[in-house]
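Asks: The structure follows.
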Amino acid sequence: MPNIEAASPHTMNTYGRLPIALERGEGVYVWDVNGKRYLDALAGIAVNTLGHNHPRLVPALQDQAAKIIHSSNYYHVPNQEKLAAKLVELSGMTNVFFGSTGLEANEGAIKLARKYGHDRGIARPEIVVYEKAFHGRSIATLSATGNEKVQKGFEPLVEGFIRVPLNDIDALRGATDGNPNVVAVMFETIQGEGGINQMRIDYLQKVRELCDLKGWLLIIDEVQCGMGRTGKWFAHQWAGIVPDVMPLAKGLGSGVPIAALVAGPKAADIFQPGNHGTTFGGNPLAMRAGVETIRIMEEDGLLENAARVGAHLKGALARELGALKGVVEIRGQGLMLGVELARPCGVLTQRAAEAGLLISVTADTVVRLLPPLILTEQQADDIVAILAPLVRQFLAE
């Protein structure tokens, strides 16, 4: 059989794609158009929570598609209320706005914070954001992002952001001291695109205290690290805190485009009719995907699985790679792990794919692993068995 070439000449050249076109998936495995199998340790960048072709998710989506896929938000969508109630229960927060992408959830959070400021008489509200953060690629979320490489060529950026380093409460206090325009602090509990950088538990607690003291909104972006990936529903829950605003997306629909902007009491009533909206957000198909994803996660104990298998995977990586010269750090939590190397290692994405493993390299030097939450310990060992020799070989070059 001739080899089918993977090419997309009529689509914009916006991605440095590998020469692979995926055709189907089953569990944690995917196959390309030429029949080659890969172990998927990326899950569509933390999206395919339940893996591929899940035997209980697929029939539910087929059932929904045969009923109604989309209606506008002029009407009530029953599963919107069902999913919102569930997210409120899991988060301890108040209400939810549904969108389609993480960018949209973060854009909504920025608008919410600005409106919160204006409602309190602040004409030019400012939001504290972080070095190495990634919140999206719209002009506003790009401005909140801490990566000059993705911002370059799109200036002027939106004003109203104050940038601080991670895990430094004195830097946060110093950057905001005496500034009456600050309305919110916004960060990812674990930075994904920034290189799997974790906020420390004591730091999270101190920021929550500071926001309470100053009357600021605490916005925690759980787009990549949320939805059970670390072994709790939301990564900030390890610190025993509750945010005022929480953007979600990625893993919430296990592959169907979905986002949620969850608000606590301080932010729940800021948006009123006409303040915010979306065409696709909250449509019946996406809502069914969210409802079923959470149901299956609960039934199958996938939070516990993410914590247990993630610890096993991290331990295996540490055993195989931890002592190697050129391995800076192995970090992360649950099934959100990063292996930082001492030099840029983008070439490993292609080499891993050739060896039958899908990974990504983020922040130039960090191998990022975000497998489906259904991963087994044996499959975690298989990831390490493929990845470790590739890293060793790369470091020896």
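Asks: Taking all protein chains in place and a 1.4 Å probe, what share, in percent, of the accessible surface of the range 150-231 do carbon and sulfur account for? Please report the intermediate quantities before stating the final value.
Replies: Numbers: 1560 of 3140 Å².
Using a 1.4 Å probe with all protein chains present, the range 150-231 comes out at 50 percent carbon and sulfur.
Asks: Between R137 and A7, what FRET efficiency comes out of the Förster formula 1/(1 + (r/R0)^6) with R0 = 22 Å and r the beta carbon distance, rounded to 0.05?
Replies: Efficiency, rounded to the nearest 0.05: 0.35.
Asks: Among Q350, A21, L166, whose Cα lies farthest out toward the positive end of the dipole of the chain, if unit charges sit on the beta carbon of Lys, Arg (+1) and Asp, Glu (-1)?
Replies: Projecting each Cα onto the dipole axis, the largest value belongs to L166.
Asks: Let me ask something else. Let me spell out the model: positive unit charges on the Cβ of Lys and Arg, negative unit charges on the Cβ of Asp and Glu, origin at the Cα centre of the chain. What dipole size does that give, in debye rounded to 20?
Replies: Numbers: 38 positive and 42 negative charges, 38 e Å.
Here the chain has a charge dipole of around 180 debye.
Asks: Which label belongs to the value computed from this structure, given these candidates for log10 I(q)/I(0) by the Debye sum over Cα atoms at q = 0.08, 0.09 Å⁻¹: (i) -0.57, -0.68; (ii) -0.70, -0.84; (iii) -0.42, -0.54?
Replies: (iii)
Asks: Considering amide H positions built from the backbone, and no H for Pro or chain starts, which residues 5 or more places from S360, or on another chain, come under 5 Å of its amide H?
Replies: Residues meeting the criterion, in which the H sits 1.01 Å from N, are R368.
Asks: Mind scanning K115/K152; K132/K206; K115/K250; K86/K115; K206/K266; K36/K250 and naming the pairs with a C-alpha gap bigger than 24 Å?
Replies: Values: K115/K152 28 Å; K132/K206 20 Å; K115/K250 26 Å; K86/K115 26 Å; K206/K266 18 Å; K36/K250 26 Å.
Going by Cα-Cα distance, K115/K152; K115/K250; K86/K115; K36/K250 fall outside the 24 Å limit.
Asks: Still on this structure, I have one more. For the range 70-113, just say rounded, prolate or oblate: build the C-alpha gyration tensor, square-root its eigenvalues into a ≥ b ≥ c, call rounded for a/c under 1.5, and beyond that prolate if a/b exceeds b/c, oblate if not.
Replies: Oblate, since a/c reaches 1.5 and b/c is not below a/b.
Asks: Using 0.36 nm per residue, how much length does the chain from T94 to Q151 gain when fully extended, once their Cα-Cα distance is taken away? Kindly include the intermediate steps, with their values, before the conclusion.
Replies: Values: separation 57, 0.36 × 57 = 20.52 nm, distance 3.38 nm.
Here the answer is 17.1 nm.
Asks: How would you classify the range 1-105 from its alpha-carbon gyration tensor, with a ≥ b ≥ c the square roots of the eigenvalues: rounded for a/c under 1.5, else prolate if a/b is greater than b/c, otherwise oblate?
Replies: prolate
Asks: Okay, moving on. Can you pull the percent of the range 265-315's accessible area that's carbon plus sulfur, 1.4 Å probe, other chains left in place?
Replies: Percent of accessible area from carbon and sulfur atoms in the range 265-315: 55.
Asks: Can you give me the span-like helices of the chain, meaning DSSP H runs with 18 Å or more of Cα extent along the axis and Kyte-Doolittle mean at or above -0.5? Can you show the working numbers first?
Replies: Details: long enough: 78-91 (20 Å, -0.36); 102-119 (25 Å, -0.81); 201-214 (20 Å, -0.36); 284-299 (22 Å, 0.14); 302-321 (27 Å, 0.24); 377-396 (28 Å, 0.58).
Helices passing the filter in the chain: 78-91, 201-214, 284-299, 302-321, 377-396.
Asks: Return the sequence-ordered ³J(HN,Hα) values of the range 359-364 in whole Hz as given by the Karplus equation 6.51 cos²θ - 1.76 cosθ + 1.60 applied to θ = phi - 60°, using x for Gly and Pro.
Replies: Once rounded to whole Hz, the list reads 9, 9, 10, 10, 6, 6.
Asks: Quick one: what are the phi-derived ³J(HN,Hα) couplings along the range 29-45, Karplus 6.51/-1.76/1.60 with θ = phi - 60°, whole Hz, x for glycine and proline?
Replies: 10, 10, 10, 8, 5, 9, x, 6, 9, 10, 7, 8, 9, 10, 6, x, 6
Asks: Calculate the dipole size of the range 84-208 relative to its Cα centre from +1 charges on Lys and Arg beta carbons and -1 charges on Asp and Glu beta carbons; express the result in debye to the nearest 20.
Replies: Working: 15 positive and 15 negative charges, 34 e Å.
Magnitude of the dipole: close to 160 debye.
Asks: What does the accessible area per residue of the chain come to in Å², with a 1.4 Å probe and no ligands, DNA or RNA counted?
Replies: Roughly 44 Å² per residue, with all protein chains present.
The values are calculated or read from the model by the stated rules, or taken from the named source; none is laboratory data. Being a predicted model, the structure only gives us computed values, none of them experimental. Virtual Cβ from ideal backbone geometry, glycine too; neighbours counted across all protein chains shown. These area figures cover heavy atoms from the full protein model, side chains too; ligands, DNA and RNA do not enter into them. Shrake-Rupley method; radii C 1.70, N 1.55, O 1.52, S 1.80 Å.
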